[in-house]
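Just so it is clear, none of the values below were taken in a lab; they were calculated from the coordinates. The structure presented is a predicted model; accordingly, all values stated were derived computationally and were not measured. Every residue, glycine among them, receives a Cβ derived from its backbone with ideal geometry; neighbour counts consider all protein chains shown.
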Amino acid sequence: MNKYSEFQNYLKEYPNAQGRFGQYGGAYLPPELCEAFDEINRAYRLICHSAKFINELRRIRKEFQGRPTPVYHCERLSQKIGTGTQIYLKREDLNHTGAHKLNHCMGEGLLAKFMGKRKLIAETGAGQHGVALATAAAFFGLECDIYMGEVDIKKQAPNVARMRILGANVIPATHGLKTLKEAVDAAFEGYMREYKHSIYCIGSAVGPHPFPMMVRDFQLVVGIEAREQFIDMTGMLPDAVCACVGGGSNAIGLFLPFIDDPVEIHGIEPLGKGTNAGEHAASITYGTKGVMHGFESLMLQSQKPGEPDPVYSNASGLDYPSVGPEHAFLHDIGRIKYDAVTDEEAIRAFFMLSRYEGIIPAIESSHALAGAIKLAKEGNYGSILVNLSGRGDKDLEYVIEKYGYGDEFLKE
Ligand SMILES: *Cc1c(COP(=O)(O)O)cnc(C)c1O
């Protein structure tokens, strides 16, 4: 027996029937929505074991998404780091639409189809989840309502255009601060009116049960492929795996297939501009236990319990005040280590990967890479496998305006 073998049945044991990962998770819902989420849970538990569902999802992943995505060895970057550690990437940036989010959106869309629903509903902040879900809706021939704060609609014009071209209704949330929180409220209200023929699609491994479990299951393909590909390439397991953690979907998908292997697992949170409240979004590193958005987890809530603190990161996909309950649990029991990197560290990694490997990463994914570079500099690792969750096209304008073309960052 070693400390890893106790995780052999992990996926069967967690979450429990109530959607609990230890003390985290569950479903805290208004009574009107309990029935709707129960229905999704029951349907998923049946459908996820059916050969028809599994085979159809496999076909979609291969023919529509372009899976499997490759694993790539960064020889030049590793040489630049100079400690001998070899960096490998799981190329989710090459997944259709340019990020991992489509993995769970296609799963959610297929589930809706099997349940006989005709509409997908979701909220979106920066628009990445909205675009992935609108893509799934177009593929399956479903209607799609995306709720978005009026302020975000103005800020994220290209993603709003993409959603509309894909046929989604982008519905502005016009109350309060007119950003993500108001969009969540409006989306829940929309879902309450229409749940008989629609399904709510959460964009990360967060929210009320069964979403943290379902989104995780749909993202496991990342780690299952990567583990096999890595062993094929090198004959061994990596010494460590690394991914960025916003809500935690790309990270949990990469991590769990390694959970009973002798592999270190590192989740990287956004430290933004610093450690003061409001300057970062590192919910595991600085959060406390509480309930918000329908589930129990670690969250940034310094003023009032359940009331999210303002959060900040230069990666719009990482600035969430809480984290998936499974990450909070795996942190507590010590199987996964969590570290945080700043905006600047992420941007340096962004320019290094662009310049030394010809791969422009999303700023979110640059956080994972920055975390891996930090580990590599310790000099104790033979190899580190990083989840490159998405490509950086969406970030170019921001990066150039704020940081230029990278020459400053690449000086030794
Ligand atoms: C949304 C997003 C993330 C963060 O979401 P997780 O659920 O934490 O994976 C990370 N990378 C990219 C490219 C994203 O679009």
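See the values below:
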| read-out | value |
| --- | --- |
| Between helix 51-60 and the chain: long-axis angle, C-alpha atoms, 0 to 90°, nearest 10 | 60 degrees |
| Residues Cys74, Cys105, Cys34, Cys48 arranged by fewest to most Cβ contacts within 10 Å | Cys34, Cys48, Cys74, Cys105 |
| Phi-based couplings in Hz for the range 184-193 (Karplus 6.51, -1.76, 1.60; Gly and Pro marked x) | 4, 4, 5, 5, 4, 5, x, 5, 4, 5 |
| Cα long-axis angle, helix 363-378 against the chain (0 to 90 degrees, to the nearest 10) | 30 degrees |
| Rg over Rh, two decimals, the chain (C-alpha only, Kirkwood Rh) | 0.94 |
| For Met292, distant residues with modelled amide H under 5 Å away | Ser297 |
| Alpha-carbon centroid distance for the pair the range 145-165 / the range 220-234, whole angstrom | 35 Å |
| Amide H within-cut-off set for Glu123, under 5 Å, with H built and near neighbours excluded | Tyr147 |
| Cα-based shape type of the range 84-156, given that a ≥ b ≥ c are square roots of the gyration tensor eigenvalues and the cut on a/c is 1.5 | oblate |
| Set Lys12/Lys90; Lys62/Lys101; Lys52/Lys113; Lys154/Lys178 screened for pairs whose C-alpha atoms are more than 19 Å apart | Lys12/Lys90 |
| Neighbour-count ranking [beta-carbon atoms within 10 angstrom, fewest first] of Ile87, Ile199 | Ile199, Ile87 |
| Integer Hz, Karplus 6.51/-1.76/1.60 couplings in order for the range 83-98, x for Gly and Pro | 9, x, 5, 9, 9, 10, 10, 8, 8, 5, 5, 8, 5, 3, 6, x |
| Cα centroid of the range 90-118 to Cα centroid of the range 259-334, whole Å | 24 Å |
| Degrees between helix 343-357 axis and first principal axis of the chain (Cα, 0 to 90, nearest 10) | 70 degrees |
| Three principal axis lengths of the range 41-102 [C-alpha, angstrom, descending] | 51, 22, 17 |
| Residue-by-residue Karplus 3J(HN,Hα) for the range 256-269, coefficients 6.51, -1.76, 1.60, Hz, glycine and proline x | 4, x, 9, 5, 9, 9, x, 10, 6, 10, 10, x, 10, 9 |
| Shape of the range 126-253, Cα gyration tensor, a/c cut at 1.5 | prolate |
| Ranked Ile153, Ile252, criterion: other C-beta atoms within 10 Å, fewest first | Ile153, Ile252 |
| Reachable aspartates and glutamates from Lys273, criterion Cα separation under 16 angstrom, eight or more residues apart if same chain | Asp309, Asp319, Asp339, Asp343, Glu344, Glu345, Glu364 |
